[in-house]
Every structure is written in structure tokens, then in C-alpha cells.
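Novice: This is the structure, below, for whatever I ask next.
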Amino acid sequence: MELKEFIESYREAFGDTAQLPLLFGYSDTPVAQTAKIGGCFFKGLQAAREGTPVSLSAEVIGCGGGKLYTGFSDMPERVPKFVSLTEKYKRTPEMVADYVKRLEMPRSSKPYLNFVRIDQAESFEGFEGVMFYATPDMLAGLCGWAFYDTNEPDAVSAQFGSGCSTVVSMTVVENARGGHRCFLGLFDPSVRPWVGKDELSFTVPMSRFTVMLDTMRECFLFGSHAWERVKERL
């Protein structure tokens, strides 16, 4: 399924008013001139959601954690204590350091990370993953689609992490492995002010998305009485 065909199928499945997902991936040159974003860079992704591409870099991202989880820097020395003792998201700094180590986020070899609404892209080529901003009803559809062709217990995974780590880091690492996991995210209280109160993220690595594209129209999203009832209120 090509990009334009997916958009048509997506709107048929979720309704014409459903928000289109974002594609994200690295490049040697920016696709847009993006001003520096102080604090959480998710506040800057609103532009991408509205159709204006966003190009992040070490210079654009003002948050040390954001630079770390997008692969633009090593872990700042202050991060473990800040996440544990100030934000109180983990009991000890050592747990934070262990989490970052296990995440295995590589340093990016390219200086820009671009977020592009899917209808502003020409193809899926060159992207790491697809990010959906999803309400509970949308999550029901997206998760069900991901579960359709597999019995793997971690087909959809919800893990601890900042917004940027659950969206970018986990997806990038999974895509590099050629993996199958999709990720729920945006549970982090620090990112919540920058997304809708009824929204979470559902992120699919391209290694998995290319497979799911082939099964989309086979699953309950099309021709299912149960889904039609849900779709009526989307």
C-alpha cells in the first residue's frame, strides 16, 4: 500500500475528521527552518500536526533529555538525579541511569530529525516511524489493527519513559532491529501539558508499519459492525 492509498484507507477507517499521523526520520538537511524550542519539544510539534514540517536538531531542542532521547547527545550528567530527585519519576538516580543504558538509543549520524504530517510527505522512504495522536476510541482501532496478524504478547508495548523516549527512542531502536513492537506513549506528566487531555501516542516503527499496511483492509476496521458503532462517535 502506497502513502496516498493509506491516507484514503485511514480516513475511510477512522473518519474524515481523524487527525492524520506524523512521519519522523533523520536527514542530513532540514526540511524546515525551526526556531529553538525551550523546554519540551512537543510544544513545537503542534506545527507539524497542523501541516507545517518541523526539523529538530541539537540546536533546536532546548531540553537536555530531549537531545538525549533523539540521539543528538550523550546523557547529561544531571539527568539521573533530576529525573529521580526533582521530577520523582524513578526511586533512585541509579534506576534512571540503568533505564537509559537499557534503552540503547544510538547517537544519530545525521543532524536533523524531521516530523512531517503524512499528507505532506511524498513517500514512506527515509522515515523511522509513524506517530498517531490518539483518543481511546482511536487507540481501540490502532491496537486492534496491530494485534490482527500476530499473537506476540508485546505487539503493543507501554513502557516507562519521557514523551520523547517513548515516541522517538523506542521506535528508532525497534526499527533498527527490524522489530514488531508498537508503542503507547505520552504518559509522562512533563509532556502532558503539550498534548490534548484525551490523547496518547501510538507509534509504529517502519519495520512493522510496512507489514501492517498489507493487513489493514483485512481487519475489523473495514466491514465490521462493532467498529462502525465506534466510528460513529469518532
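The values are calculated or read from the model by the stated rules, or taken from the named source; none is laboratory data. Given the structure is predicted, the values throughout are model-derived calculations rather than measurements. All Cβ positions, glycine included, derive from the backbone under ideal geometry; neighbour counts span all protein chains shown. Areas reflect the complete protein model, heavy atoms only, side chains present, ligands, DNA and RNA absent. Shrake-Rupley method; radii C 1.70, N 1.55, O 1.52, S 1.80 Å.
Novice: List the trypsin sites (Lys or Arg not before Pro) within the range 52-96 that fall in a DSSP loop (any state other than H, G, I, E or B) and whose Cβ has at most 13 other Cβ atoms within 10 Å.
Specialist: Qualifying residues, ordered by number: 78, 88, 91.
Novice: Still on this model: Return, ordered by residue number, the residues of the range 181-224 whose backbone nitrogen is under 13 Å from a label point located 7 Å along Cα→Cβ of residue 158.
Specialist: Within reach of a label on residue 158: 183-188, 199-202.
Novice: Another question about this same structure. Quick one: dipole size for the range 87-163, taken about the Cα centre, charges +1 on Lys/Arg Cβ and -1 on Asp/Glu Cβ, in debye to the nearest 20.
Specialist: 500
Novice: Using unit Cβ charges (K, R positive; D, E negative) and no other charged atoms, how large, in debye to the nearest 20, is the dipole of the range 68-119 about its Cα centre? Write out the running numbers ahead of the final one.
Specialist: Numbers: 10 positive and 7 negative charges, 18 e Å.
Its charge dipole is roughly 80 debye.
Novice: Tell me the angle of helix 206-215 to the major Cα principal axis of the chain, expressed in degrees between 0 and 90 and rounded to the nearest ten.
Specialist: Helix 206-215 sits roughly 10 degrees off the main axis of the chain.
Novice: Of 182, 40, 219, which has the largest mean-square fluctuation in a 10 Å C-alpha GNM of the chain?
Specialist: 219
Novice: Please state the charge dipole magnitude for the chain, taken about the Cα centre, from unit charges on C-beta atoms (+1 on K and R, -1 on D and E), reported in debye and rounded to the nearest 20.
Specialist: 980
Novice: Separation of the range 97-170 and the range 38-93 by C-alpha centroid, Å?
Specialist: 16
Novice: Based solely on its DSSP helices, what 222 nm [θ] is calculated for the chain when runs of n ≥ 4 H residues each add -39,500 (n - 2.57) and the sum is averaged over all residues, nearest 500 deg cm²/dmol?
Specialist: The helix-only estimate for the chain comes to -8500 deg cm²/dmol at 222 nm.
Novice: If DNA, RNA and ligands are ignored and the probe is 1.4 Å, what is the ranking of 232, 218 by accessible area, most exposed first? Don't skip to the answer; put the middle values down first.
Specialist: Details: 232 155, 218 115 Å².
Of 232, 218, the descending order of accessible area is 232, 218.
Novice: Also: Is the shape of the range 139-190 rounded, prolate or oblate, going by the alpha carbon gyration tensor and its root eigenvalues a ≥ b ≥ c, with a/c under 1.5 for rounded and a/b larger than b/c for prolate?
Specialist: oblate
Novice: If N is the number of residues in the range 117-234, what value comes out of its Cα radius of gyration divided by 2.2 N^0.38 Å? All intermediate terms of the calculation are to be shown ahead of the outcome.
Specialist: Values: Rg = 14.3 Å, N = 118, 2.2 N^0.38 = 13.5 Å.
Its radius of gyration relative to the 2.2 N^0.38 Å reference: 1.06.
Novice: Report the one residue of 140, 92, 61 whose Cα lies farthest in the direction of the positive end of the charge dipole of the range 59-148 (charges on C-beta: Lys and Arg +1, Asp and Glu -1; origin at the Cα centre).
Specialist: 92
Novice: State the answer as a single residue: which of 30, 111, 76 lies farthest towards the positive end of the charge dipole of the chain, with beta carbon charges of +1 for Lys and Arg and -1 for Asp and Glu, about the Cα centre.
Specialist: 76
Novice: Additional query: So for the chain, if I pair up every lysine 8 or more residues apart or on another chain, how many of those pairs have alpha-carbons under 23 Å apart?
Specialist: Lysine pairs, 8 or more places apart or on different chains, close enough: 19.
Novice: Under a 5 Å amide H to amide H cut-off, with H placed in plane at 1.01 Å, what residues pair with residue 110 once short-range neighbours are removed?
Specialist: none
Novice: Which is farthest toward the positive dipole end of the chain among 127, 215, 45, measuring Cα position about the Cα centre, with Cβ charges +1 (Lys, Arg) and -1 (Asp, Glu)?
Specialist: With unit charges placed on the Cβ atoms, the residue in question is 45.
Novice: Based on the alpha-carbon gyration tensor of the range 34-192 and its eigenvalue square roots a ≥ b ≥ c, which shape applies: rounded if a/c is under 1.5, prolate if not and a/b is larger than b/c, or oblate?
Specialist: oblate
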